[in-house]
Structures are given as C-alpha cells and as structure tokens.
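Presented below is the structure to which this report refers.
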Amino acid sequence: MQMTSDHANLLYEGKAKRVFNSNHSDRVLVEFKNDATAFNARKHMQLRKKGFVNCQISACLFEVLEGEQVPNHYLGLIADTCMMAQRVQIIPLEVVVRNIAAGSLCRETPISFGQELPAPLIDLYYKDDEMGDPLLTEARLELLGLLDREQRLEISRLALKVNSVLSTFLDKLQLTLVDFKLEFGCNESGQLLVADEISPDTCRVWDQRNTDLDGRILDKDRFRKDLGGVVEAYEEILKRIQGVCSKPRIYR
C-alpha cells in the first residue's frame, strides 16, 4: 500500500508526521515520516523505513488498547506509512507516564537512573517546542485553563490504564516499558481520545533479553545517544509484536 499527497490536503506537518484532510470532515490521514529528531529538532536526520515501522507499531498498539476499551483516534491503515484517524482537537499537553527513572526525571531530581518507581508517575508538560515543553505544576495547569477537573481526572485514568495494558502486553514479549508520552484530543462529539502515536519515538523500551545497558535500548535513545542501529531496534519491537498480533486492519 502506498499513499500519495493527491489523496488529501496537508493540514499540519510535525517533526515525525504529516496530517492531511480526508474526504470526511471528522477524519484525517496521518502519515509517518522517516525523519528522526531529538532535542526539539536540534538533531535531525532521515532514517530509511522508520516511518513504516513506527506506523505499523502504532497501529498494532492502538488495536491492543482498543481491545481493552481504551478510546483512541485510530481507525485503520490506508497505506504502509499512513493511518486513518478521527479528527481531534489536540490538547497542548504531553502526558508522560514513568515506571522506571530515566531521562529528565534523573536530570531534575536526585532519583537514580534505572530505579524502579514505587508507583507510576504522571508528569504533564506544556506542548511548545520554543518554550522547551516546560513541566507544569497543578497550579500552573489550573492557571492556564487547559483542562477542566473532569478532563484532568479522565486523562490520569486513561494514562494509567494505557500504562497497565501496554506494560503487561510488552512484558509478555520480554520488553520493559520504562516510560512513554501520550497526547490527547477531543473528537467532534467531545469525547477524550488517546491520539498522536505510540511507538519507539514516544516510548522508552528495554530488551529484557539483553543485559548490556546500551544494547538493551530499543527506542529513540539510540538516536539521542548516537548508539546506531535505530531502525533495527524499532524493527525488533515490531517483530515481537507481530509474533503475537494479527496484521493491523485496513480502513475501508
């Protein structure tokens, strides 16, 4: 399956995806690019097959979540690197769920890298590259008026459910879900949905079969740390997922 830009008009282009209008006002086409970026795009390169692998992983994981009654925007694949999704108004928040200390949590606190957290930690960041996606306190979140109380509680509930579902699923594949980022949006009827993507670009995933601290990394940290083998690591995740899941459905 291939997608061409003739199918729709470009609505938005981000660092890793393009979003196009579809023939339906309540749906969009989400195309995954081969671009790899880090540090708010200060580091950038093209990686062959990255868009394909991330699209396939995201489709499979959205279907896993769907099977556990987690509402999300995914409707089905229309091409190898493109999915149909519900049109949503994205809430400008990055919702990060942490199971093991890594990344900014270790830079900003005395918590040691690799320490398992006593309970999943939810961090909320204001989604703005120019501002460096700053961490929000509850008071700042309320001050900005980005969410009402019900939405705040529902985002936390859904984030924790996504964490439970994906951690259990990946653990069966001998993969550890260290942390991950979610984005949320509301569809035309006002329903809150998990949106964007769920892939090694947005998740830290460690290989339980590999005890080497660098060798176990199967996510975007390979690109951040110049470890090489980025797409190969992503492909390993996809291979394990495909070993237990049927092919993602095709949107008709």
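Per the conditions (1) modelled with pLDDT of 95 or more; (2) farther than 20 Å from I122 by Cα; (3) basic (K, R), the sole criterion not satisfied by R252 is (1).
Between A119, A85, A41, the distinction of being under 25 Å from R27 (Cα atoms) and small (G, A, S) belongs to A85 only.
Among the residues of the stretch 53-95, those identified as of a type in the set (A, V, I, L, M) and within 19 Å of F20 (Cα to Cα) are A59, L75, L77, I78, A79, M83, M84, A85, V88, I90, I91. For first residues located in the stretch 135-149 and assigned by TED's automatic domain parsing to the domain that holds L105 and free of Cβ contacts under 8 Å to residues at least 24 places away in the same chain, partners that are surrounded by 14 or more Cβ atoms within 10 Å (Cβ to Cβ) and assigned to a helix (DSSP H, G or I) and lie 6+ apart or on another chain with Cβ distances below 7 Å do not occur.
With respect to F39, is the statement that it is of a type in the set (F, W, Y), surrounded by 12 or more Cβ atoms within 10 Å (Cβ to Cβ) and more than 19 Å from F184 (Cα to Cα) true? So F39 fails the test. Mind checking whether some residue in the stretch 46-67 is free of Cβ contacts under 8 Å to residues at least 40 places away in the same chain, closer than 27 Å to K225 by Cα and surrounded by fewer than 17 Cβ atoms within 10 Å (Cβ to Cβ)? Checking the stretch 46-67: at least one residue is free of Cβ contacts under 8 Å to residues at least 40 places away in the same chain, closer than 27 Å to K225 by Cα and surrounded by fewer than 17 Cβ atoms within 10 Å (Cβ to Cβ).
Just one of the numbered conditions (1) out of contact with any strand residue (DSSP E or B) (no Cβ under 9 Å at 6 or more places or on another chain); (2) in the same structural domain as F52 (by TED's automatic domain parsing); (3) under 29 Å from E142 (Cβ atoms) is not true of P110: (2). Only residues that are over 27 Å from S246 (Cβ atoms) and over 19 Å from the mean Cα position of the chain (by Cα) were counted in the stretch 24-42, giving 2.
Go through the stretch 16-45 and give me each residue that's without any contact (Cβ under 8 Å) to a residue 60 or more places away in the chain, assigned to a loop (DSSP other than H, G, I, E, B) and within 17 Å of Q89 (Cβ to Cβ). Residue satisfying the conditions is H24 alone. Regarding the stretch 44-61, can at least one residue be identified that is of a type in the set (G, A, S), out of contact with any Asp or Glu (no Cβ under 7 Å at 6 or more places or on another chain) and not assigned by TED's automatic domain parsing to the domain that holds D171? Yes; the residues of the stretch 44-61 include at least one that is of a type in the set (G, A, S), out of contact with any Asp or Glu (no Cβ under 7 Å at 6 or more places or on another chain) and not assigned by TED's automatic domain parsing to the domain that holds D171. If the condition is being closer than 15 Å to G103 by Cβ and not in a loop (DSSP other than H, G, I, E, B), then the stretch 222-233 contributes R222, F223, R224.
The values are calculated or read from the model by the stated rules, or taken from the named source; none is laboratory data. All values derive from a computational prediction rather than experimental measurement. A quick note on method: Cβ atoms are made from the backbone with ideal geometry, for glycine too, and the neighbour counts reach across all protein chains shown.
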